[in-house]
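My structure is below; once you've seen it, I'll send some questions.
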Amino acid sequence: MLTTGEVITASVKVLSECNKVLELGLFALDLTKTVSHEDFQQMQATHLGQVTPFLREHWPASIKNLVRTSFKDIGKGWFNVRETREDVYGESKLQRFFRMVALRMQDSVVFMAEASLTGFADLIVERCEHEVTVVSAADVRLTSPAGSSGLGLFSLEIVVTEQGLAYRVPPSHYKEVVLGVYSRGVSSTLGIAQVEKYVMDQMFWSDTPMLQTIHPAEGIVPEQQARFLAAMDKAIPPAEAYLATLAQYHEYVLFDEPAFAAKYAADERPIAEMVPEVKRHLQLANEMEQIIPLRVSLGLFNVSCAAVRKLLVERHTSLANIILKRMSAAPMATSKQIMAAFGDTMRNLNKPMITIED
């Protein structure tokens, strides 16, 4: 088949174009910081948005053009790109040349895809390979394997809901996010047309031959998918365990301050009983700042506790202020009573005396 300079030149150029595919990747794997699920999806979508058009449009078009350019001056014979007869083309060396081109293109896509899928699974698994022991909100013990960056991949935020504390996005949802990104990466390698039809455009084609790349349900695709999903299954429970450590604060998270203030205002408590309550809430406010961290690392996840800590510190401070207000109101009420009694006495003393008994 490699009998002319034009064929050799075309083969070398095709190989050069195929090598460009080997330098690509289906995923953005250079993650140097913790990201939210939205940012992760956007980052991967942006990356794949550049790769997919190249694989399906620019790359086949480039190979089509270089083959046409290489063979444009050959004319009739074994490598006639203007052939119209199917029987003649079926026996030509040109058809075998296009088979070689298709195989080279397929190999390039498959090798690149397999490396990308493995790299993606490696990224997830590496961020999950931490031994996490949750003792309390302030005590989380993290052991990372040698060579691990120790950097969490995804950010979680604990927020206050009508039912209490919860993750803004459940940790289990990240499995769906990761799986969705992986599946879109696999899909991007499908639907890549062979260039044969577009070069041999003088012939009738009933369909468009496609490259046979990776299969979503076979080989490396399900293998790597099962690998990173299994790793995530082990990384999610510590996040649930950490949220459970905050359940003890449920009472104050959903505390009804107006009802407390009304009840406290109605109670006839001596100041001596209120002072310890004020001190207790101020101490609890200080403890919340010490016990609940702003952020904690749980291996795959970095959890933000800032909203919880802020709420509890402000809640205990507010309760202390409510009691202090009640304490200040008690002497004022007593003072008003004394002043009223004194006023009555003065009015009685200032009445004019009519009889000696007065």
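The values are calculated or read from the model by the stated rules, or taken from the named source; none is laboratory data. Everything quoted here is computed from the prediction, not taken from an experiment. Positions of Cβ are generated from backbone atoms using ideal geometry, with glycine treated the same way; all protein chains shown enter the neighbour counts. Heads up: the accessible areas ignore ligands, DNA and RNA and are worked out on the full protein's heavy atoms, side chains in. Shrake-Rupley method; radii C 1.70, N 1.55, O 1.52, S 1.80 Å.
Take Ala28 and decide whether it is open to solvent by less than 80 Å² (accessible area, probe 1.4 Å), of a type in the set (Gly, Ala, Ser) and free of Cβ contacts under 8 Å to residues at least 40 places away in the same chain.
Answer is yes for this residue.
So, one more: Pairs please, first residue from the range 37-58 and open to solvent by 80 Å² or more (accessible area, probe 1.4 Å), second anywhere and of a type in the set (A, V, I, L, M), Cβ atoms under 6 Å, 6+ apart in sequence or on different chains.
Cβ pairs passing all conditions: Arg56/Ile192.
Taking only pairs six or more apart or across chains, which ones have beta-carbon atoms under 6 Å, a first residue in the range 114-140 that is hydroxyl-bearing (Ser, Thr, Tyr), and a second residue that is surrounded by fewer than 14 Cβ atoms within 10 Å (Cβ to Cβ) and not in a loop (DSSP other than H, G, I, E, B)?
Note: pairs meeting the criteria are Thr133/Arg141.
Under 6 Å between Cβ atoms, which residue pairs at least 6 apart in sequence (or on different chains) link something in the range 206-223 that is under 26 Å from Gln95 (Cβ atoms) with a partner that is surrounded by 11 or more Cβ atoms within 10 Å (Cβ to Cβ) and among the hydroxyl-bearing types (Ser, Thr, Tyr)?
Filtered contacts from the range 206-223: Thr213/Thr189; Ile214/Thr189.
Within the range 292-333, work out how many residues are surrounded by fewer than 17 Cβ atoms within 10 Å (Cβ to Cβ) and touching a Ser or Thr at 6+ places or on another chain (Cβ under 8 Å).
Result for the range 292-333: 2.
Return the only residue of Ser136, Ser62 being part of a loop (DSSP other than H, G, I, E, B), touching a helix residue (DSSP H, G or I) at 6+ places or on another chain (Cβ under 6 Å) and among the hydroxyl-bearing types (Ser, Thr, Tyr).
Ser136
Would you mind telling me which numbered condition in (1) over 20 Å from Thr189 (Cα atoms); (2) in contact with an Asp or Glu (Cβ under 8 Å, 6 or more places away or on another chain); (3) surrounded by fewer than 21 Cβ atoms within 10 Å (Cβ to Cβ) Ala102 fails?
Here Ala102 clears every test but (1).
Quick test for you: out of Ala226, Ala265, pick the one residue that is within 30 Å of Leu26 (Cα to Cα) and of a type outside the set (S, T, N, Q).
On inspection, the qualifying residue turns out to be Ala226.
Being more than 27 Å from the chain's Cα centre (by Cα) and of a type in the set (S, T, N, Q) is the filter here; which residues of the range 240-254 pass it?
Within the range 240-254, Gln248 is the sole residue that qualifies.
In a helix (DSSP H, G or I), modelled with pLDDT under 95, open to solvent by less than 30 Å² (accessible area, probe 1.4 Å) and of a type in the set (Val, Ile, Thr): does that describe Val125?
So Val125 passes the test.
Ok, one more. Against the definition (surrounded by 14 or more Cβ atoms within 10 Å (Cβ to Cβ), small (Gly, Ala, Ser) and in contact with a Lys or Arg (Cβ under 8 Å, 6 or more places away or on another chain)), how does Ala193 come out, yes or no?
For Ala193, the condition - surrounded by 14 or more Cβ atoms within 10 Å (Cβ to Cβ), small (Gly, Ala, Ser) and in contact with a Lys or Arg (Cβ under 8 Å, 6 or more places away or on another chain) - is met.
Provide a single number: the residues in the range 163-192 that are among the aromatic types (Phe, Trp, Tyr) and within 28 Å of Gly25 (Cα to Cα).
Within the range 163-192, residues that are among the aromatic types (Phe, Trp, Tyr) and within 28 Å of Gly25 (Cα to Cα) number 2.
Say whether the condition of being assigned to a loop (DSSP other than H, G, I, E, B) and within 30 Å of Leu179 (Cβ to Cβ) is met by at least one residue in the range 256-263.
So the first thing to find is which residues in the range 256-263 are assigned to a loop (DSSP other than H, G, I, E, B), and the list is 256.
Among the residues that remain, those that are also within 30 Å of Leu179 (Cβ to Cβ) are: none.
No, the range 256-263 contains no residue that is assigned to a loop (DSSP other than H, G, I, E, B) and within 30 Å of Leu179 (Cβ to Cβ).
Looking only at the range 170-188, decide whether some residue is of a type in the set (S, T, N, Q), surrounded by fewer than 13 Cβ atoms within 10 Å (Cβ to Cβ) and in a loop (DSSP other than H, G, I, E, B).
Looking through the range 170-188, none of the residues is of a type in the set (S, T, N, Q), surrounded by fewer than 13 Cβ atoms within 10 Å (Cβ to Cβ) and in a loop (DSSP other than H, G, I, E, B).
Of everything in the range 230-256, what is loosely packed, with under 12 Cβ neighbours inside 10 Å and either touching a helix residue (DSSP H, G or I) at 6+ places or on another chain (Cβ under 7 Å) or among the basic types (Lys, Arg) (or both)? Give them in sequence order.
Scanning the range 230-256 gives no hits.
I would also like to ask the following. Is it true that Leu282 is open to solvent by less than 40 Å² (accessible area, probe 1.4 Å) and of a type in the set (A, V, I, L, M, F, W, C)?
Against the criterion (open to solvent by less than 40 Å² (accessible area, probe 1.4 Å) and of a type in the set (A, V, I, L, M, F, W, C)), Leu282 does not qualify.
Which of the residues that make up the range 189-206 are at pLDDT 90 or above and not in a strand (DSSP E or B)?
Result: Thr189, Leu190, Gly191, Ile192, Gln194.
Looking only at the range 207-229, which residues are closer than 30 Å to Val296 by Cα, open to solvent by 10 Å² or more (accessible area, probe 1.4 Å) and either among the hydrophobic types (A, V, I, L, M, F, W, C) or assigned to a loop (DSSP other than H, G, I, E, B) (or both)?
So in the range 207-229, the residues closer than 30 Å to Val296 by Cα come out as 224-229.
Those left that are additionally open to solvent by 10 Å² or more (accessible area, probe 1.4 Å): 224-227, 229.
Correct list: Ala226, Leu229.
Within the range 141-156, how many residues turn out to be at pLDDT 90 or above and touching a helix residue (DSSP H, G or I) at 6+ places or on another chain (Cβ under 7 Å)?
Number satisfying all stated conditions: 3.
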